[in-house]
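These notes concern the structure reproduced below.
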Amino acid sequence: MVHVLATCSTIRPFTGDVTAFEVEAKSLWQVIRALDARYPGLGEHIRRRMAVAVNGEIHQDAGDIPLTEASEVVLIPRIGGG
């Protein structure tokens, strides 16, 4: 199972304050789909408003990154700039 941790409070309305998850997934897209199935609307929120760190490396758009059972995924606020 992939360990997923959310550091952003904007997911709490979707999850009822749950911030750590175990997900069966082989890619980041599968993680997002699994979380969306558990918490409807969360997948779209992740895609639009969050960046993801996979094993300590931050990605803005990383859906096709392969994952293993030892992978750690951290959901973080997307960094904006101007």
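Every read-out reported here was derived from the displayed coordinates using simple, explicitly stated rules and does not represent laboratory data. As the structure is a prediction and not an experimental result, all values here were calculated from the model. Please note: Cβ atoms are built from the backbone with ideal geometry, for glycine as well, and neighbour counts cover all protein chains shown.
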Regarding residue 53, is this residue without any contact (Cβ under 8 Å) to a residue 40 or more places away in the chain and in contact with a strand residue (DSSP E or B) (Cβ under 7 Å, 6 or more places away or on another chain)?
yes
Only residues that are surrounded by 12 or more Cβ atoms within 10 Å (Cβ to Cβ) and not aliphatic (A, V, I, L, M): list them for segment 28-40, please.
29, 30, 33, 36, 38, 39
Can you name the residue in segment 7-19 that is surrounded by fewer than 19 Cβ atoms within 10 Å (Cβ to Cβ) and hydrophobic (A, V, I, L, M, F, W, C) and is also nearest to the chain's Cα centre (by Cα) among such residues?
8
Checking the condition charged (D, E, K, R), touching a residue at least 40 places away in the same chain (Cβ under 8 Å) and surrounded by fewer than 19 Cβ atoms within 10 Å (Cβ to Cβ), which residue from 72, 44, 22 passes?
72
Quick one: which strands (runs of 3 or more DSSP E) lie wholly within segment 1-73 and hold at least 1 residues that are touching a Ser or Thr at 6+ places or on another chain (Cβ under 9 Å)?
2-6, 20-23, 50-54
Taking the condition without any contact (Cβ under 8 Å) to a residue 12 or more places away in the chain and of a type outside the set (A, V, I, L, M), does residue 80 pass?
yes
Condition broken by residue 54, with the remaining ones in (1) touching a helix residue (DSSP H, G or I) at 6+ places or on another chain (Cβ under 9 Å); (2) exposed (fewer than 13 other Cβ atoms within 10 Å of the Cβ) satisfied
(2)
